[in-house]
1. Could you give the dipole magnitude of the chain about its Cα centre, charging the beta-carbon of Lys and Arg +1 and that of Asp and Glu -1, in debye to the nearest 20?
2. Averaging the inverse of every distinct alpha carbon separation and then flipping it gives the Kirkwood radius. What is it for the stretch 100-189, in angstrom units?
3. Name the residue from His311, Ala181, Ile263 whose Cα lies farthest towards the positive end of the charge dipole of the chain, charges +1 on Cβ of Lys and Arg and -1 on Cβ of Asp and Glu.
4. Angle check, please: helix 234-243 long axis (alpha carbons) against the longest principal axis of the chain (alpha carbons), in degrees 0 to 90, nearest 10.
5. Ranked highest first by average number of other Cβ atoms within 10 Å, how do 55-62, 248-255 line up?
6. Would you mind ranking Lys375, Lys227, Lys35 so that the residue whose beta carbon has the fewest other beta carbons within 10 Å leads the list?
7. Mind jotting down a quarter of the surface of the convex hull over the alpha carbons of the stretch 178-363, in square nanometres, one decimal?
8. Taking just the alpha carbons, could you work out the radius of gyration and Dmax for the chain, both in angstroms?
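Every number here is computed from the coordinates shown, using simple stated rules; none is lab data. Since we're looking at a predicted model, the values are computed, not measured. No Cβ is skipped: glycine too gets one built from the backbone with ideal geometry, and neighbour counts run over all protein chains shown.
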Amino acid sequence: MTEKILAKRDEFLKTQTINQDVPTPKEIPQLELLKRVPRPLRHVKYIPVKNLVFFSKHTTPQFSYETRIKTPIPKDTLIVQVRNSGLNPVDLKIINSYTRNMNREVGIGREFSGVITETGSDVRGQWKEGDEVYGVYFHPTLGVGTAQSSILVAPDKDVILRKPSNIGFQAAAGTLYCLGAARNILDGLESKGQLTPSSNILINGGTTSVAIFAIQLLKYHHRIPKKIVILCSEYGATFLKSQFPDLCDELIFVNYVMNARQIHKPLEDMISNHETISYDATTGQPISSPYDQGKFNVILDFIGGYQLIGHSNSLLEKNGAYVTTVGDYRTNYSKDVFNAWDNPSAGARKIFGKLLWTFDYTHFHFDPNAKYASKNGWAEKCAELVESEVVRCVVDKVYDWKKFEDALDYLKRGHCHGKVILEVERF
Ligand SMILES: NC(=O)c1ccc[n+]([C@@H]2O[C@H](COP(=O)([O-])OP(=O)(O)OC[C@H]3O[C@@H](n4cnc5c(N)ncnc54)[C@H](OP(=O)(O)O)[C@@H]3O)[C@@H](O)[C@H]2O)c1
């Protein structure tokens, strides 16, 4: 077959074939191999930030990397690298306020401790990089929180103090909000002449964080001689005794759990019968002790509700003072919302209190801003008390901030005994 094809070969085609002498391709000469070189230094325009945010009460908080702090920072500000963020019921109330999904992130945490990493030119004389600090960062409407790797602090707006060496970062992060609230309440009473050495005081919610500071202030700073009557659980009484053994004989504990529906009853009995009844922890036998302090001059209510107010005639002295941080509706961290309206009758009590009631009623709202602090100096006074170890923060639990769900759940149950603190990652 091959032979047949070759025999029929067209000779013309053979003449058309060009026999080219093509040189083999040559290698392109290269002077040297390409090498990776470091990128030239650029001007850093932002400090990257990792923060814990939420969009609504119905969605789980999450970490965000969207926030960036622009540099150079404003002259009157400084940057704090946050070590710890203190949680408070107000954080839950702020979360509960966002019932619809927001198209912006809202931060968590209103208290902080940390280290200054940058200072604006105007604050450089007062603050320097490396200073260990703690403070309150209260911007619920701006939506920024302290569970954030770095925060931009303006010392003329935010309360910031040098952290004394005798307290750690965790305790520092849980100090100022509740201590500040307690201090302002007691200062207010003292300035109105309602808190004196002869005051007989009742505290509703003796193991709330505000109360733990209030008890210390009343006993170690105001040096109130009378025994303070404390409404708390049996465990709460044991807890307070173990935290402050020197105050065991200075406090009278009344169990709120056994009298949940009628917390006024054991108090009324105590006043009218001139005796307190406690129960032996092992045998359960009642133990009677004399009580001769009579009605109260001051009721500090950190739980809320109407039961004590409803029985104010039998509990409070004429011209006594009733201060609540909650209002007529009992506290419920799963539902309470930030800046909610109080019961209308509480509003009337505030306006017509002096006419209708024989006692002075205050629904206390803490303003933790630096402007207010500069008026009465509460922050510096608190710093002195902390530094001189007159008061201390009791920390209940510390959570890595990645375990924020556990921390918020624990706080929400309303049974923490001391502060709940987040450990913030150095990002
Ligand atoms: N208006 C303001 O400016 C302001 C400022 C600060 C705080 N607050 C409010 O004040 C309240 C207290 O805050 P906080 O951070 O101090 O609270 P907290 O530490 O969260 O309080 C938890 C404690 O409350 C005790 N407790 C729960 N129910 C009780 C009851 N019925 N009777 C007595 N004790 C009870 C629990 O004890 P057991 O587990 O032993 O029961 C637990 O130890 C909150 O509602 C907060 O929002 C308001």
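1. With only Lys, Arg, Asp and Glu charged at Cβ, the dipole is about 1260 debye.
2. Computed over Cα pairs of the stretch 100-189, the Kirkwood hydrodynamic radius comes out at 14.4 Å.
3. Ala181
4. Helix 234-243 sits at roughly 80 degrees to that axis.
5. 248-255, 55-62
6. Lys35, Lys375, Lys227
7. 10.7 nm²
8. For the chain, the Cα radius of gyration and maximum Cα-Cα distance read 33.5, 139 Å.
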